[in-house]
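The values are calculated or read from the model by the stated rules, or taken from the named source; none is laboratory data. Keep in mind that what you see is a predicted model, and the values were worked out from it rather than measured. Cβ: placed from backbone, ideal geometry, glycine included. Neighbour counts: every protein chain shown.
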2 protein chains.
Amino acid sequence: MSQPKYGVVAVGNALVDVLSHASEEFIAEQKEKYGMEKGAMTLIDEPRAVELYSQMQAGIETSGGSAGNTMAGIASFGGKGGFIGKVADDELGNIFRHDLVSMGIQFDTQPLIMGSKTGRCLILVTPDAQRTMNTFLGASVELTPEDIDTNLIAQGQITYLEGYLFDKDTAKAAFIAAAEAAHEAGHRVALTLSDPFCVDRHRSDFLRLVESHIDILFANEEEIKSLYMQENFDDAVSAVSKHVEVAAITRGEKGAIIISKGETIEIAAEPVDKVVDTTGAGDQFAAGFLYGFTEGKDLATCGKLGAIAAAEVISHLGPRPETAYAELAKKAA
Amino acid sequence: MSQPKYGVVAVGNALVDVLSHASEEFIAEQKEKYGMEKGAMTLIDEPRAVELYSQMQAGIETSGGSAGNTMAGIASFGGKGGFIGKVADDELGNIFRHDLVSMGIQFDTQPLIMGSKTGRCLILVTPDAQRTMNTFLGASVELTPEDIDTNLIAQGQITYLEGYLFDKDTAKAAFIAAAEAAHEAGHRVALTLSDPFCVDRHRSDFLRLVESHIDILFANEEEIKSLYMQENFDDAVSAVSKHVEVAAITRGEKGAIIISKGETIEIAAEPVDKVVDTTGAGDQFAAGFLYGFTEGKDLATCGKLGAIAAAEVISHLGPRPETAYAELAKKAA
C-alpha cells in the first residue's frame with residue numbers, strides 16, 4: 001500500500017453553473033412543456049440549453065459540478081486532493097480549472113479539443129430556496145477510461161465517484177477503471193448516487209457498482225429508496241448496510257444518518273439563519289464527511305463536519321464555500 | 001422633442017467581472033510589482049490579465065461594467081432603458097448580453113468579430129470589503145461612433161455616459177456623437193467620472209466634455225477634486241456647480257450631496273448590517289438617482305433612491321442587485 005499524498009481524488013462532471021432566480025410559475029410551465037422536475041436534475045441538449053438560458057433571469061456564473069464542489073469544500077477545510085474531469089478548451093473550461101487549481105486541487109485531465117463546449121448547469125432557484133438543475137453535459141461526458149490517471153488515483157486515500165457521470169458507457173468504464181486502481185493501491189472508493197432519476201435509469205449498473213466496488217456510499221433518502229426499489233426508508237437502509245462499509249444518508253433539514261457495521265449514528269442538521277439556495281448541500285456534506293474521514297475522525301465527527309459545511313453553503317447563492325470551512329470547524333470544535 | 005420610450009440609455013464598457021477574495025498582503029505585493037492601486041481601477045493588458053487570474057483565488061463571474069451595472073439597477077427599480085457597448089462574439093459576451101436583455105434592457109450593439117475577447121474586470125475584494133479592480137478592456141474599447149445608435153439615444157430621457165470608456169479617441173468621439181444626438185432630441189446627458197486616475201489622464205478632454213455636453217454629473221470626492229485640481233472639496237463643488245444642471249457627489253459612508261441651481265441637498269447613507277463588497281456602490285447610486293429623476297421625483301428623493309440601491313449592493317458580493325429595488329423603494333416610501 002503506497003503512502004497517499006492526497007485525502008480525496010474525485011472523478012466527476014466538470015461543469016460551470018449558471019444560477020438565477022425563478023418563480024414557481026416558471027418551473028411549473030417548464031415542467032409541463034419540457035418535463036423539468038423541481039428539485040431534481042434534468043439532462044438537456046445544447047439547443048435546449050440555449051433556449052432555456054434565453055428565458056432565464058440575469059444570473060451569476062460559478063464553477064460547479066457535484067464532485068468539483070465537494071473538492072472545493074475539502075480544500076476549504078484544509079484538505080488536499082485531486083480531480084479528474086473533462087472540460088473543453090474554452091473560457092468556461094478555463095474558469096472551472098482555475099477555480100479548482102487556485103484552491104490547491106491537482107487537476108491535469110486534458111481538455112477536449114474540437115468537440116463539445118464545456119458543460120454547464122442552468123440552475124433555477126425558487127423563492128423557497130430549492131434548486132432545480134438543467135444540465136448540458138457538453139465536454140464533461142467525454143471522459144473515458146484513458147482519462148483516469150491511475151497514478152493520481154493511487155495517491156488518494158479515497159477515490160470519490162460522482163453518480164451524475166454514470167450516464168454513458170465510456171464514463172461507466174472510467175468509474176470501474178478508477179475503482180480498480182484505487183483498490184489495487186489498497187485504498188477506499190466512495191460514490192455519491194447524485195440523483196434519483198439517474199439511479200432509476202441505471203439501477204442494475206449502480207447496484208453492481210455498489211456491491212462490487214464501493215466502500216463508502218453517499219445518498220439522500222430518495223436516491224437510496226430508488227436504488228433498492230424500497231418504499232420504506234428503513235428497508236432501503238437495511239439493504240445498503242449489507243453492501244458497503246459506510247453509508248451516509250442525508251435527509252435535508254432532518255440532518256443525516258450514518259450506517260456502518262450494524263451501527264446507526266444520527267447527525268443533526270446545523271442551524272441556519274436563512275436558507276437562500278440549497279445548491280451544493282449534498283456536495284458539501286460529502287466534503288465535510290470525507291475530510292473528517294481522511295483525517296481519521298470518528299464517524300459522528302465526520303457527520304458533524306458534513307453538517308457544518310452543508311449549513312454554510314445553503315446560506316448563500318452558489319454551490320461552493322464563501323467562508324473558510326477550516327474556520328467554521330475550529331469554531332465548532 | 002420626441003416622446004422618450006426609455007428612461008435611460010447608457011453608453012459604457014461591456015465587461016464581465018471576476019470577483020474573488022484577496023488578502024491585504026496580496027494587494028500590497030501587486031502594488032509593488034505592478035502598480036495595482038487598492039480601491040481604484042487599473043487597466044491591464046491580456047497577458048497581465050491571464051497572469052493575475054492565475055494568482056487569484058477561486059471566484060464568481062457576473063456581468064459588470066459600470067454603466068451596465070447601473071442599467072441593471074434601473075431595471076430592478078422597474079425602469080426601462082437601453083445599452084450601447086461592445087462585447088465579442090464569445091461565451092462571456094453572451095453572458096453579458098443575456099444578463100441585460102433578460103432584465104428588459106434593449107441592447108443591440110453588434111459584437112466585435114475577429115478581434116479581442118470580451119473584456120473582463122478582475123476584482124479583488126479585501127477583508128475590509130474594499131474592491132480593487134483590474135480591467136482588461138478587450139472588445140469593449142473598440143466602441144466607435146458608428147456603434148452609437150442615434151435612434152435609441154433619441155428614445156431615452158437621459159443618455160448616460162461612463163467615464164471609464166473615455167480612454168481612447170474613438171470612444172471619446174462616440175461620447176460626443178451620443179451627447180449630440182441626445183441634445184438634438186431635446187434630452188439630457190449624464191456622465192459619471194468613474195475613476196480619479198481616468199480623470200487625471202484625460203482632464204482637459206473631461207473638462208471640455210462636462211462644460212459643453214453634460215447636464216447631470218456623477219462623481220465621488222476624489223474624482224471631482226481631480227477634475228478641478230482642487231485640494232479642497234468645497235472648492236471643487238463650487239467649480240462644478242457652474243457647469244452642470246445637477247451634480248451628484250457620493251461620499252461613501254458619509255452619503256452623498258446633490259448640487260443644483262445653487263442649492264445643496266445632503267443625502268444620508270442608508271444603514272447596512274454588514275458591508276461585504278463595495279463593488280458597484282457608485283453604479284447603483286447612479287441607478288437609483290437616474291430612475292428617480294426620469295420618474296419626475298424631486299432631487300432629495302432621487303438621492304434617497306440612490307442610497308437605497310447602494311446599500312443593497314454593498315451588502316453582498318457582486319455589482320448588481322440581488323433584491324428587487326422596486327420592493328426596497330416601496331418599503332422605504
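Applying the criterion of being touching a Phe, Trp or Tyr at 6+ places or on another chain (Cβ under 7 Å) and within 21 Å of B:I258 (Cβ to Cβ) to the residues of segment B:313-333, the residue that is surrounded by the fewest Cβ atoms within 10 Å (Cβ to Cβ) is B:A329. If only residues of segment B:142-163 that are out of contact with any Leu (no Cβ under 8 Å at 6 or more places or on another chain) and of a type in the set (V, I, T) are counted, the one that is surrounded by the most Cβ atoms within 10 Å (Cβ to Cβ) is B:T159.
Please work out if B:G138 is over 21 Å from B:A88 (Cβ atoms), small (G, A, S), in contact (Cβ under 8 Å) with a residue 60 or more places away in the chain and buried (at least 24 other Cβ atoms within 10 Å of the Cβ). In short, no.
Screening A:H243 on (1) modelled with pLDDT under 95; (2) buried (at least 19 other Cβ atoms within 10 Å of the Cβ); (3) outside any helix (DSSP H, G or I) shows it passes everything except condition (2). Cβ separations smaller than 9 Å between residues 6+ apart or across chains give the following pairs from segment A:301-326 residues that are without any contact (Cβ under 8 Å) to a residue 60 or more places away in the chain and within 11 Å of chain B (Cβ to nearest Cβ) to residues that are buried (at least 22 other Cβ atoms within 10 Å of the Cβ) and in a loop (DSSP other than H, G, I, E, B): A:H316/B:L317; A:E322/B:L317.
Taking the numbered list (1) modelled with pLDDT of 95 or more; (2) under 28 Å from A:E223 (Cα atoms) in turn, A:N94 passes all entries but (2). Against the numbered list (1) within 23 Å of A:Y291 (Cα to Cα); (2) touching a strand residue (DSSP E or B) at 6+ places or on another chain (Cβ under 7 Å), A:H243 comes up short only at (2).
Filtering segment A:54-107 to residues that are in contact (Cβ under 8 Å) with a residue 60 or more places away in the chain, among the polar types (S, T, N, Q) and within 12 Å of chain B (Cβ to nearest Cβ) leaves A:T62, A:S63, A:N69, A:S76. Residue check: B:P127 meets all listed conditions (1) within 18 Å of the chain's Cα centre (by Cα); (2) assigned to a loop (DSSP other than H, G, I, E, B); (3) over 24 Å from B:F175 (Cβ atoms) but one, namely (1). Looking across A:F166, A:F175, A:F218, one residue alone is of a type in the set (F, W, Y), crowded, with 21+ Cβ neighbours inside 10 Å and at pLDDT 95 or above. It is A:F218. Just one residue in the set B:E61, B:E37 is modelled with pLDDT under 95 and either touching a His at 6+ places or on another chain (Cβ under 6 Å) or not in a helix (DSSP H, G or I) (or both); that residue is B:E37.
Suppose we filter segment B:108-122 for residues that are closer than 17 Å to B:L317 by Cα, in contact with a Gly (Cβ under 8 Å, 6 or more places away or on another chain) and within 13 Å of chain A (Cβ to nearest Cβ); how many remain?
Of the residues in segment B:108-122, 1 are closer than 17 Å to B:L317 by Cα, in contact with a Gly (Cβ under 8 Å, 6 or more places away or on another chain) and within 13 Å of chain A (Cβ to nearest Cβ).
So, in segment B:74-96, exactly how many residues are in contact with a Phe, Trp or Tyr (Cβ under 6 Å, 6 or more places away or on another chain) and assigned to a helix (DSSP H, G or I)? The number of residues fulfilling the criteria is 3.
On inspection, B:K117 does not qualify as in a loop (DSSP other than H, G, I, E, B), within 18 Å of the chain's Cα centre (by Cα), of a type in the set (K, R) and at pLDDT 95 or above. Within segment A:10-31, is even one residue closer than 26 Å to A:L193 by Cα, in contact with a helix residue (DSSP H, G or I) (Cβ under 9 Å, 6 or more places away or on another chain) and of a type in the set (F, W, Y)? Scanning segment A:10-31 turns up no residue that is closer than 26 Å to A:L193 by Cα, in contact with a helix residue (DSSP H, G or I) (Cβ under 9 Å, 6 or more places away or on another chain) and of a type in the set (F, W, Y).
Conditions tested, residue by residue: (1) of a type in the set (A, V, I, L, M); (2) part of a loop (DSSP other than H, G, I, E, B); (3) closer than 26 Å to B:D235 by Cβ.
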site	(1), (2), (3)
B:N151	no, no, no
B:T170	no, no, no
B:A173	yes, no, no
B:A181	yes, no, no
B:E211	no, no, yes
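Selection of segment B:189-208 for residues being without any contact (Cβ under 8 Å) to a residue 60 or more places away in the chain and surrounded by 21 or more Cβ atoms within 10 Å (Cβ to Cβ) yields B:V189, B:L191, B:L193, B:V199, B:F206.
Only one of these is closer than 18 Å to A:D195 by Cβ, of a type in the set (S, T, Y) and under 19 Å from the mean Cα position of the chain (by Cα): A:S76, A:S66. Name it. Answer to the check: A:S66.
Quick one: which residue in A:I95, A:I84, A:I105, A:I74 is closer than 18 Å to A:T279 by Cα and either among the charged types (D, E, K, R) or crowded, with 23+ Cβ neighbours inside 10 Å (or both)?
A:I74
Tell me, please, whether a residue that is assigned to a loop (DSSP other than H, G, I, E, B) and either within 14 Å of another protein chain (Cβ to nearest Cβ) or surrounded by 20 or more Cβ atoms within 10 Å (Cβ to Cβ) (or both) can be found in segment B:256-269.
Checked segment B:256-269: no residue is assigned to a loop (DSSP other than H, G, I, E, B) and either within 14 Å of another protein chain (Cβ to nearest Cβ) or surrounded by 20 or more Cβ atoms within 10 Å (Cβ to Cβ) (or both).
Looking only at segment A:214-229, decide whether some residue is over 25 Å from A:L43 (Cα atoms) and part of a helix (DSSP H, G or I). The answer is no, given that none of the residues of segment A:214-229 is over 25 Å from A:L43 (Cα atoms) and part of a helix (DSSP H, G or I).
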